[in-house]
Number of protein chains: 2
Amino acid sequence: MNIWFTEDQTDTVRLGLKVESVLWKETTAYQELVVANTDAYGRLLVLDGAVQTTIGDEFVYHEMITHVPLALHPHPRKVAVIGGGDGGAIREILKHPSVEEAHLIEIDEKVVEASRRFFPEISAGLDDERAFLHYTDGIQWVREAKDFDVIIVDSTDPVGPAEGLFAPEFYASIKEALGDHGIMVAQSESPFLQPHLIQRVMTGIAQSFPVTRLYLAAVPTYPSGLWSFSLGANGDLQDAALRPELRDMPTRYWTPQIQRSCFDLPKFVQELVR
Amino acid sequence: MNIWFTEDQTDTVRLGLKVESVLWKETTAYQELVVANTDAYGRLLVLDGAVQTTIGDEFVYHEMITHVPLALHPHPRKVAVIGGGDGGAIREILKHPSVEEAHLIEIDEKVVEASRRFFPEISAGLDDERAFLHYTDGIQWVREAKDFDVIIVDSTDPVGPAEGLFAPEFYASIKEALGDHGIMVAQSESPFLQPHLIQRVMTGIAQSFPVTRLYLAAVPTYPSGLWSFSLGANGDLQDAALRPELRDMPTRYWTPQIQRSCFDLPKFVQELVR
């Protein structure tokens, strides 16, 4: 079968993935949702035409958006994920023995349903007794939230339902929802293809947080393959790699060395966020 | 104009780049050569259907294939590039004040001609008085070469003209062409899409060199966006970032920190080369 899924990653760059079969397609209240099997990366989740996750590379994104901030906190106990309905971030958060509560705030319940059905490897953590699911708007939810140690913004691209998750007002609410050593992180797209978005996110976070940092990871099915994460902290950052329980965490991308070196930015990226 | 260049990066993954204009197309004695202007990455050089380089991201590959081995050598004086007819590696090598001779060994003179004509930013170094051009087969040339400090294999993919550049016998010849502190490096494709090739190259290099190491860089127009470089050394490796002349080298990707952290491999890549 010579059928291809094609994502217009930007107006001028496309990714094509050969498809074995299309398993599911629905229009939810918020977006178009498609599940397919690809030859190169296995099962694929698409929202509004954009790759969200594949079995072949989901580990990179999910490990890096969670372990990096959690390792920088002295004792992460209460963690929230805004978006991330596939459950991959929750699965990784629950690997930290200090975590008592992992909250998922997903506006579109259909994403969670599709993940439970088609991506059991990714969504498994959602059934853990420390996982709490909230099907509601993340912006509203954060306004009521309190005493979180880490809040992770695992959003779709800054168009459609996720637009408000890239606003400085949202980062200000997150700051209020965090405790003393609180840390936030947001996915902030590609330094090659969306440099201005990274600047906007970092500037927005800096309006509320005294400490900001950018880090990178290689996610092949995302535009350009190089992905950025923008971090904001209320105070000094713990030196990660030293907490002994982190050393043997079962991961496929993250290591204690990557925890440090993901902050070593290429010079053109340094200049972007200077 | 809605015209797209599409590369079949593997049988099941494609990259599409919107094209403004096609500037040149020829069939050389060795391969099909195309030059086009893309919207996303500027000017593009294609050999046998595969992206070789673009103005938008060439700096990553050319800086990382050169500065990493040169920084690990105590005093690189005589350097060779096998392949790399665009001249980008030579341009970077010549940034090192210790370098007295930078040899380019390119089998296809037409690649150098096209680069001089369409990519002056990349090929400029070829006119330097320290640059020496040899239009000949790299495998033959290496057998006669002697006392090189660093030899860089800047090849196309391991099909067609470049096939012999991935053979253990070739690495053995390179070892003979290197001096005491000699270092070789070869581009070795993507850990996501060509893991077995990396294993083959690293095993091949290990047959001749006592020290081997793998490092990574983010090249968005290459398959998966994450690219690997396999390094072999005759002896202990110099600790890079310390040589003072390296600190202020004009680069856009490489930094003294990246010199160190590019060797911090994601866990799945560590396991690949263990």
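The values are calculated or read from the model by the stated rules, or taken from the named source; none is laboratory data. Nothing here was measured: the structure is a model prediction, and the numbers come from that model. So basically every Cβ, Gly included, is an ideal-geometry build from the backbone, and we count neighbours across all protein chains shown.
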> Are any of the residues in region B:84-98 part of a strand (DSSP E or B), within 14 Å of another protein chain (Cβ to nearest Cβ) and under 18 Å from B:A217 (Cβ atoms)?
Replying inline: no
> Restricting the search to region B:6-23, which residues are more than 10 Å from every other protein chain (Cβ to nearest Cβ) and either more than 17 Å from B:F119 (Cβ to Cβ) or not aliphatic (A, V, I, L, M) (or both)?
Replying inline: B:S21
> What number of residues within region A:24-40 are assigned to a strand (DSSP E or B), of a type outside the set (A, V, I, L, M) and away from chain B (no Cβ under 14 Å)?
Replying inline: 5
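Table: residues versus (1) within 18 Å of the chain's Cα centre (by Cα); (2) within 19 Å of A:H67 (Cβ to Cβ).
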| residue | (1), (2) |
| --- | --- |
| A:P191 | yes, no |
| A:V201 | yes, no |
| A:A206 | no, no |
| A:R213 | yes, yes |
| A:T221 | yes, no |
| A:N234 | no, no |
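Check A:E113, A:E129, A:E163 and return the single one that is part of a loop (DSSP other than H, G, I, E, B) and without any contact (Cβ under 8 Å) to a residue 24 or more places away in the chain. Walk me through it before giving the result.
On the way: A:E113 fails: part of a loop (DSSP other than H, G, I, E, B); A:E163 fails: part of a loop (DSSP other than H, G, I, E, B).
The match here is A:E129.
Being under 21 Å from B:P161 (Cβ atoms) and at pLDDT 95 or above is the requirement here; does B:T53 meet it?
Values: under 21 Å from B:P161 (Cβ atoms): yes; at pLDDT 95 or above: yes.
For B:T53, the condition - under 21 Å from B:P161 (Cβ atoms) and at pLDDT 95 or above - is met.
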> Hey, B:H62 hits all of (1) of a type outside the set (F, W, Y); (2) within 23 Å of B:V13 (Cβ to Cβ); (3) out of contact with any Phe, Trp or Tyr (no Cβ under 7 Å at 6 or more places or on another chain) but one; which does it fall short on?
Replying inline: (2)
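Determine whether B:L44 is part of a strand (DSSP E or B) and either crowded, with 24+ Cβ neighbours inside 10 Å or of a type outside the set (V, I, T) (or both).
Values: part of a strand (DSSP E or B): yes; either crowded, with 24+ Cβ neighbours inside 10 Å or of a type outside the set (V, I, T) (or both): yes.
For B:L44, the condition - part of a strand (DSSP E or B) and either crowded, with 24+ Cβ neighbours inside 10 Å or of a type outside the set (V, I, T) (or both) - is met.
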> Among the residues of region A:251-264, is there at least one that is touching a residue at least 40 places away in the same chain (Cβ under 8 Å), over 30 Å from A:E144 (Cα atoms), of a type in the set (K, R) and assigned by TED's automatic domain parsing to the domain that holds A:S155?
Replying inline: yes
> Which one is surrounded by the most Cβ atoms within 10 Å (Cβ to Cβ) among residues in region B:53-77 that are away from chain A (no Cβ under 12 Å) and out of contact with any helix residue (DSSP H, G or I) (no Cβ under 8 Å at 6 or more places or on another chain)?
Replying inline: B:P69
> What residue, of B:S115, B:S98, is farther than 22 Å from B:L214 by Cβ and either among the aromatic types (F, W, Y) or buried (at least 24 other Cβ atoms within 10 Å of the Cβ) (or both)?
Replying inline: B:S115
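If you take the residues in region B:183-226 that are charged (D, E, K, R) and in contact with a helix residue (DSSP H, G or I) (Cβ under 8 Å, 6 or more places away or on another chain), which one is nearest to B:G83 (Cα to Cα)? Lay out the reasoning, then the answer.
Within region B:183-226, the subset charged (D, E, K, R) is B:189, B:200, B:213.
With in contact with a helix residue (DSSP H, G or I) (Cβ under 8 Å, 6 or more places away or on another chain) added as a condition, the list becomes B:189, B:200.
Numbers: B:E189: 15, B:R200: 20 Å.
Among those that are charged (D, E, K, R) and in contact with a helix residue (DSSP H, G or I) (Cβ under 8 Å, 6 or more places away or on another chain), it is B:E189.
Taking B:P168, is it assigned by TED's automatic domain parsing to the domain that holds B:E106, closer than 21 Å to B:G88 by Cα and surrounded by fewer than 20 Cβ atoms within 10 Å (Cβ to Cβ)? Outline the logic, then answer.
Details: assigned by TED's automatic domain parsing to the domain that holds B:E106: yes; closer than 21 Å to B:G88 by Cα: no; surrounded by fewer than 20 Cβ atoms within 10 Å (Cβ to Cβ): yes.
Considered against the rule, which asks whether it is assigned by TED's automatic domain parsing to the domain that holds B:E106, closer than 21 Å to B:G88 by Cα and surrounded by fewer than 20 Cβ atoms within 10 Å (Cβ to Cβ), B:P168 comes out as no.
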> Does B:A80 satisfy the criteria of being in a helix (DSSP H, G or I), of a type in the set (A, V, I, L, M) and more than 14 Å from every other protein chain (Cβ to nearest Cβ)?
Replying inline: no
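When you check B:D137 against the structure, is it buried (at least 22 other Cβ atoms within 10 Å of the Cβ) and under 25 Å from B:A50 (Cα atoms), yes or no? Before the answer, list the steps.
On the way: buried (at least 22 other Cβ atoms within 10 Å of the Cβ): no; under 25 Å from B:A50 (Cα atoms): yes.
Against the criterion (buried (at least 22 other Cβ atoms within 10 Å of the Cβ) and under 25 Å from B:A50 (Cα atoms)), B:D137 does not qualify.
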>> Looking only at strands (runs of 3 or more DSSP E) that lie completely in region A:166-274, which have at least 1 residues being within 14 Å of chain B (Cβ to nearest Cβ)?
In response: A:211-218, A:226-233
